[in-house]
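Every read-out reported here was derived from the displayed coordinates using simple, explicitly stated rules and does not represent laboratory data. Please read these numbers as outputs of a predicted model, since none were measured by experiment. Here Cβ is always computed from backbone atoms with ideal geometry, including for glycine, and neighbour counts include all displayed protein chains.
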Amino acid sequence: MLQTGIKAPSFTLLDQDGNPHSLNDYLGKKIILYFYPKDNTSGCTKQACNFAELRPQFTEKNAVILGVSKDSVASHKKFQEKFHLNFTLLSDPDLEAIKAYDVWQKKSMYGREYYGVVRTTYLINEEGIIEKAFAKVNPTNNPGDMLKEI
């Protein structure tokens, strides 16, 4: 996980509609940058739906929500449409941002080790500096916790 107080690594990734988004596009706003393992899984769906429900409150606080996983643009589009998600999902199949933000880590399940995305959320301030970093977040509580942080 990256340390607080440093400049957030820049990236350019495609959203669920195939449009490019760069971190610099959001300077002047607070950014909730959350990394999640996979579209349409139970924890990731809860987290995304809770962010979508709270989005108006984030908007009131001049904050944008950006969700990032290694899923494809097409997968993100289906996920967004299925659950009526009202914020940007970014596709990172080449692990550009995922590795830059140090969330690609060794995990284990049923005794098997593999690499995957560790559910992590960063709060980036208006100047592009990492203000807070939260690793291994609870997918259900994370959106509400982030709203309290800003």
Problem - Total residues in the stretch 88-104, condition without any contact (Cβ under 8 Å) to a residue 60 or more places away in the chain and either surrounded by fewer than 17 Cβ atoms within 10 Å (Cβ to Cβ) or assigned to a helix (DSSP H, G or I) (or both) - result: 4
Exercise for the section: Would you check if Leu85 is of a type in the set (A, V, I, L, M, F, W, C) and not in a loop (DSSP other than H, G, I, E, B)? Expected result: no
Problem - Among residues of the stretch 63-74, those that are outside any strand (DSSP E or B) and under 13 Å from the mean Cα position of the chain (by Cα), counted - result: 2
